[in-house]
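Each remark here refers to the structure printed beneath this line.
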Amino acid sequence: QVQLVESGGGLVQPGESLTLSCKASKNSFTFYTMGWYRQAPGHGRELVARVGTDGITNYPDSVKGRFTISRDNFDNTLYLRMDNLNPGDTAVYYCNAKWGQIDVWGQGTQVTVSS
């Protein structure tokens with residue numbers, strides 16, 4: 001099955017931007033609904049952004065207008081552009097791929113927003 005590797009996390013200051021990447025191992029990437037989730041200490045995992053095989057995206061209100069998800073089906077890569085970051089965005093960010101019964105997670109990448 002597909003394997004996912006995230007990259008791009010790090011420490012940024014409030015108001016700054018960061019872009020995460022998620023590289024998929026298989027060319028069947030185009031068949032997967034792809035998403036980004038995050039989990040902060042003491043909290044459950046929550047959806048941050050999702051993009052379907054048709055390119056339609058959806059976001060929760062907490063990130064709408066600040067985060068942008070995109071996919072490059074030629075390079076099997078998912079991106080998350082995060083603008084105007086605030087300390088509340090601090091979390092481990094996970095890439096997810098879903099296709100039928102297949103539900104695969106990456107290992108996560110830490111994003112810390114602090115002055």
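Residue-level check: of (1) open to solvent by 50 Å² or more (accessible area, probe 1.4 Å); (2) small (Gly, Ala, Ser); (3) within 13 Å of Thr90 (Cα to Cα), Gly9 misses just (1). When only residues in the range 15-28 that are open to solvent by less than 60 Å² (accessible area, probe 1.4 Å) and more than 15 Å from the chain's Cα centre (by Cα) count, which is nearest to Cys95 (Cα to Cα)? The extreme case among them is Ser28.
Evaluate the range 44-51: report whether one residue or more is open to solvent by less than 70 Å² (accessible area, probe 1.4 Å) and either of a type in the set (S, T, N, Q) or at pLDDT below 95 (or both). Scanning the range 44-51, I find no residue that is open to solvent by less than 70 Å² (accessible area, probe 1.4 Å) and either of a type in the set (S, T, N, Q) or at pLDDT below 95 (or both), so the answer is no.
Okay, residues lined up against (1) among the polar types (S, T, N, Q); (2) modelled with pLDDT of 95 or more; (3) buried (at least 20 other Cβ atoms within 10 Å of the Cβ):
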| site | (1), (2), (3) |
| --- | --- |
| Phe67 | no, yes, yes |
| Pro87 | no, yes, no |
| Cys95 | no, yes, yes |
| Gln107 | yes, yes, no |
| Gln110 | yes, yes, no |
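Number of residues in the range 71-85 that are open to solvent by less than 50 Å² (accessible area, probe 1.4 Å) and hydroxyl-bearing (Ser, Thr, Tyr) equals 1.
The values are calculated or read from the model by the stated rules, or taken from the named source; none is laboratory data. All of these numbers come straight from a predicted model, not from anything done at the bench. Positions of Cβ are backbone-derived with ideal geometry, glycine not excepted, and every protein chain shown enters the neighbour counts. These area figures cover heavy atoms from the full protein model, side chains too; ligands, DNA and RNA do not enter into them. Shrake-Rupley method; radii C 1.70, N 1.55, O 1.52, S 1.80 Å.
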